[in-house]
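The values are calculated or read from the model by the stated rules, or taken from the named source; none is laboratory data. Since the structure is predicted, the reported quantities are computational estimates derived from the model, not experimental observations. Here Cβ is always computed from backbone atoms with ideal geometry, including for glycine, and neighbour counts include all displayed protein chains. Side chains included, ligands, DNA and RNA excluded: accessible areas come from the protein's heavy atoms. Shrake-Rupley method; radii C 1.70, N 1.55, O 1.52, S 1.80 Å.
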Amino acid sequence: MKIVICGGGLVGSAIASHLCEEQNDVTVIDHSAENIQRITDHYDVHGVVGVASHPDRLAEAGVRDSELLIAVTESDEINMVACQVSHTIFKTPVKIARIRSNAYLDPTFSSLYGGENLPIDHIISPEAEVCAAISNQLRVPGAFDVQNLCDGKMNLVGVLCTGNNPILGTSLRHLTSLFPDLSLTILAIIRDGKVILPRSGIEAMETGDRVYFVCDSSHLDRAMASFGHDEGEARSVVIAGGGSIGLMLSREIELNFQNTHSQIIELDAGRAKALAEELQGTSIINGDILDGAILREAGVHKTETFVAVTEDDEVNILSALLAKRTGAQHAVALVNIPGFISLVSTLGVDAVINPSQITVSSILEYVRRGRIRDVHPIVEDLGEVLEAEALPSSLLVGKPLRTAKIPKGLAIGGVYRNGSVIAVRGDTIIEAGDTVIIFVARGKVAQVEKLLSVRLDFFSYDGNPT
């Protein structure tokens, strides 16, 4: 498939890296010659220097013959205009735009998009995606990653193995006998920056492992308890940063967390005043989040969850570490720079939220249409978890999983059939039409196509907006 990506920043380059790995013809437009040089040096993509919304730059990028335009520059307006120009002049079938401003996302003005108006087929809001990720984190504080699968019927959970984990050293095959009625499958273990996919059942978890498992959502509390975590939903939350994400998260807590009290610490006095006028159930403190006196005033020493979502990665990391040292039970930090993610986890921050990774996942979900129903990244960017439909011709269908020839780099984590969750065991037999949860190591998506008998066109657009 031929794809044009407008924007060569963190999100644009990450999307380009994923899509070129899957044998797509990718061209990136960016105003920075340095960004284009970096991307073309590292990935098998074409590059065009210039403003992404200008018709001549789009023409040079080959948008006339492209099936998909992905506009993810830092400017909402450029993203919008790029979609409009691509539609009006070049008849590009499908356009995706990243839009960040709440003014453009207000449901009151939803008629602005589609049809005879702005021809954007899919809108990605990083702030909304990040807010949803943090909300899941608040519901399961003991995990560093929580994602919903199969419309919330299952969960993908990431847990750090600490010394108080009661199942440390237990072979995975013995977990079934220890918890016979618990619908839980260990999907992947991240150890020393490498992925271990359980196959023989002799693998055992060690202290420091980052473990991903899949479970029936109704079994989530018991699954967390098996890892030594019995924390309930966070009842007290301190939010560092009152920007768009902090505001959105506070609104989410006020609306959907009945017994949770939240506070925002905001450095800018004018912004703090505006937040106080807009948020009725949230306490607002004007001050520096790195000031110990401000932390004490906010009661960080006795709060359950501290969430740092300022626009500065360093402030987020330092304040999260300071909050943990002050006494906060859990700390979540928003980190934009990919190189910081693995470092932060080793320093003691409980969870890291990466907007670029979340945005890339949302876009890839739309790019891989058809039998691939959803895409979920893992925090380390070493792979992703797919929800995929099993076709009658799939190599998985009709035989026990222990006899299926599952390629290296893939692991089956669960099955959803007719409203029921099925934990994966060696004797599990997948049926046509089942939704299968699959871990896919980075660069192994082609193996999924082969395993599920999904043709390449199922990973592209059919031209019908959804």
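Some points to look at:
- In the set (1) in contact (Cβ under 8 Å) with a residue 40 or more places away in the chain; (2) over 27 Å from Ser125 (Cα atoms), the condition left unmet by Val385 is number (2).
- Cβ-Cβ under 7 Å pairs, at least 6 apart or on other chains, region 201-225 side in contact (Cβ under 8 Å) with a residue 40 or more places away in the chain, far side buried (at least 19 other Cβ atoms within 10 Å of the Cβ) and hydroxyl-bearing (Ser, Thr, Tyr): Phe213/Thr185; Val214/Thr185; Cys215/Ser183; Asp216/Ser183
- Taking region 287-397 as the region of interest, the strands (runs of 3 or more DSSP E) fully inside it that hold 3 or more residues being under 25 Å from the mean Cα position of the chain (by Cα) and within 27 Å of Ser244 (Cβ to Cβ) are 305-308, 330-334, 351-353, 372-377.
- Residue count, region 401-421 (criterion: more than 17 Å from Ile196 (Cα to Cα), in contact (Cβ under 8 Å) with a residue 40 or more places away in the chain and not aromatic (Phe, Trp, Tyr)): 3
- When region 227-243 is filtered for residues that are touching a helix residue (DSSP H, G or I) at 6+ places or on another chain (Cβ under 8 Å), modelled with pLDDT under 90 and open to solvent by less than 40 Å² (accessible area, probe 1.4 Å), only Ala234 remains.
- Scanning region 197-220 for residues that are open to solvent by 50 Å² or more (accessible area, probe 1.4 Å) and either of a type in the set (Phe, Trp, Tyr) or at pLDDT 90 or above (or both) yields a single hit, Ser218.
- Taken as a whole, the structure leaves Ile341 outside the set of residues that are open to solvent by less than 50 Å² (accessible area, probe 1.4 Å) and more than 30 Å from Gly193 (Cα to Cα).
- Members of region 401-418 found to be on the phi > 0 side of the Ramachandran plot and either touching a helix residue (DSSP H, G or I) at 6+ places or on another chain (Cβ under 8 Å) or acidic (Asp, Glu) (or both), listed by number: Gly409
- Scanning region 249-286 for residues that are touching an Asp or Glu at 6+ places or on another chain (Cβ under 9 Å) and in a loop (DSSP other than H, G, I, E, B) yields Phe257, Asn259, Thr260, Leu267, Leu279, Gln280, Gly281.
- Counting only helices (runs of 4 or more DSSP H) that fall entirely inside region 101-196 and contain at least 1 residues that are on the phi < 0 side of the Ramachandran plot and at pLDDT 85 or above, the qualifying elements are 102-105, 126-139.
- Residues being open to solvent by less than 10 Å² (accessible area, probe 1.4 Å) and β-branched (Val, Ile, Thr) - total across region 310-335: 2
- Inspection of region 32-55 finds no residue satisfying the criterion of being among the small types (Gly, Ala, Ser), assigned to a strand (DSSP E or B) and either open to solvent by 70 Å² or more (accessible area, probe 1.4 Å) or closer than 25 Å to Asp313 by Cβ (or both).
- So Thr108, is it polar (S, T, N, Q) and free of Cβ contacts under 8 Å to residues at least 12 places away in the same chain: yes
- Test: Ala298 is open to solvent by less than 50 Å² (accessible area, probe 1.4 Å) and more than 25 Å from Leu343 (Cβ to Cβ): yes
- Verdict on Ser86 being open to solvent by less than 10 Å² (accessible area, probe 1.4 Å), over 24 Å from the mean Cα position of the chain (by Cα), farther than 30 Å from Asn165 by Cβ and small (Gly, Ala, Ser): yes
- Test for Leu364: is it at pLDDT below 80 and open to solvent by less than 40 Å² (accessible area, probe 1.4 Å): yes
- Residue within region 179-191 that is touching an Asp or Glu at 6+ places or on another chain (Cβ under 6 Å) and farther than 24 Å from Asp350 by Cβ present: yes
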